[in-house]
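These notes concern the structure reproduced below.
What follows is calculated from the coordinates using simple rules that are stated; it is not laboratory data. Bear in mind the structure is a predicted one, so any value in this text is a computation, not a measurement. With ideal geometry, Cβ positions are generated from the backbone for all residues, glycine too; neighbour counts draw on all protein chains shown.
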Amino acid sequence: MTEFSDKQVVYSTALGSQVCGDSLELLAQMADESVDLIVTSPPFALLRAKKYGNEDQADYIAWLAKFGEAAHRVLKPTGSLVIDLGGAYVKGRPTRSLYQYRVLLKFVDDLGYHLAEEFFWYNPSKLPSPIEWVNKQRIRVKDAVNTVWWLSKTERPKADVNQVLVPYSARMNKLLENPAAFYDAKARPSEHDISMKFGRDNGGAIPTNLLTIPNTDSNSGYLRTARALDIRSHPARFPEGLPEFFIKFLTEPGDLVVDIFAGSNTTGMVAERLGRRWLGFELDREYAALSILRFVSDRPLDVVRTLYDLAQEKWIDLTPSPAPSAAVAGARTTSGRRSRTKKAVVEAAVEVMAGLPVKKRARRT
Ligand SMILES: C[S@@+](CC[C@H](N)C(=O)[O-])C[C@H]1O[C@@H](n2cnc3c(N)ncnc32)[C@H](O)[C@@H]1O
C-alpha cells in the first residue's frame, strides 16, 4: 500500500488517486511487486534534425528506460506494462524514426521485460501528417497505426482473452446456427483440424492484435465540460477503448492499474468504471487538476469550476461518504483548515454536491 502526501494527491475517488509529480519519484515511493498493470502513453519523442536523426532518439530512449526500470520493480511477477508509442518521421525527411523499435529492444534486452505480444492501434480518424510528404508531395500515405508494446515481467503474465471477446462475424453466426449443415469435419491442407468444436458458441471471437479504435471522443463529459468552462483540454489523449481493452484483458476487479504519464487520466477513469483500483501520475498540476472533470462532469458547471480551481492547489476527496455534509476535503488546506478566500464558493459546492462525498481518508491505493 502506498500513501502519498496531501501535496502530491490532486483528487481521490472510491478506487484511486490522481497524483501530481515526476513518476520516477512517485514510483520510488511504491512497494516492490505491488502493481498488476501499468498502461501508459509517454510524451512523444521530440526529434530534431540531426545528421542521422538518431541522437535525440538515443536521449529519449535512455530517458524512457529510467521509467521502464522503475516500473519493472513495482510490477508483480504476473504484471504487465503496456506502452503506446505513436510513429514519427525523422524531422525534415521522408523517412521514419525507429524509436519505438529501439524502445522495445532496450526494454527487452536491457531491462528484462518480455514481449508478450505486439499490438497495433489503428485509428481510422487520424489526420494526414506530415502534410509535406502526405498531402503536398503525395509520396507517403496516412500513418494511422500506433505500436502498443505489451511487455511483461515474466513469460506468463495474468491474461484472460475471454474478457475481451469480440462479436462473431456474420459467417460465424451462421455456422453457430447450424454447425452440422455448415461444416464438414475434415483436416485442412494447413493441418488445422476443423472439427465440430468450431460450432461451439464461446460468447464471441478471439480478438486480433490490431485494435481499431477511433480517437473521436468529442462528446465525452471531459471535453464537453472543458469546452463549457472555456479551458483548454489535454492535447494528446488516447481513447477510452485503448486502456479498456488491456485493463479487461490483463487484470481482474480489485487489481491495481497505474498510468505513469496520466495526462487527462483516461486510464484512471476507465479503471474506476471497471472496478479496478488505480493511480494516475502526472507531472503537470494543471493537467492533473483538469482531469477531475472525468469524474464530476455530471455536476453543475459552477461546482465543477470550483473543484477544478481547488484541485490546482489542494487535494479533493471524491470518496463516497455516508455523511456528505462533512465537507469537500479539497476545501481544506493540508493543515485541515478551510481556505478563507474560497469559503463561500466551496460551501456552495458542498451543498450542490450532496451526493459527492467527502470525508477525509487515507490516500492509500
Ligand atoms: C501523451 S500524454 C498522456 C495522455 C493520456 N494518455 C491521456 O489519455 O490523457 C503524456 C503526459 O505525460 C506527462 N509527463 C511528462 N513527463 C512526466 C513525468 N516525468 N512524470 C509524470 N508525467 C509526465 C505530460 O505532462 C503529459 O501530460
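Points worth noting:
- Rg and Dmax [Cα atoms of segment 1-160; Å; Rg one decimal, Dmax integer]: 17.9, 55
- Paramagnetic reach from A144 (point 7 Å along Cα→Cβ, amide N under 13 Å) across segment 211-241: 211-216
- Taking 0.36 nm per residue of separation and subtracting the current Cα-Cα distance, fully stretching the chain between R200 and E177 would add 7.3 nm.
- Shown here for segment 119-172: trypsin sites (Lys or Arg not before Pro) in loop regions (DSSP other than H, G, I, E, B) with at most 13 other Cβ atoms within 10 Å, namely R138, K142.
- Other residues lying with their Cβ under 12 Å from the Cβ of T251 contribute a combined charge of 0, Lys and Arg counting +1, Asp and Glu -1.
- Point-to-point label distance, R273-Y168, nm (Cα→Cβ direction, 7 Å offset): 2.7
- Hypothetical label at E313: residues of segment 1-30 whose amide nitrogen lies under 15 Å (7 Å Cα-Cβ projection): 7
- For segment 123-172: Kirkwood Rh in Å [reciprocal of mean 1/r, alpha carbons]: 15.1
- Counting Lys and Arg as +1 and Asp and Glu as -1 over every other residue whose Cβ lies under 15 Å from the Cβ of H72, the net charge comes to -2.
- Global form of segment 213-277, assessed from the alpha-carbon gyration tensor, a/c cut-off 1.5: prolate
- Cα gyration tensor, segment 95-163 - rounded (a/c under 1.5), prolate or oblate: oblate
- Percentage of interatomic Cα-Cα distances in segment 249-325 larger than 18 Å: 45
- When each of K126/K248; K76/K126; K153/K314; K91/K136 is checked by Cα-Cα distance, pairs over 27 Å: K76/K126; K153/K314
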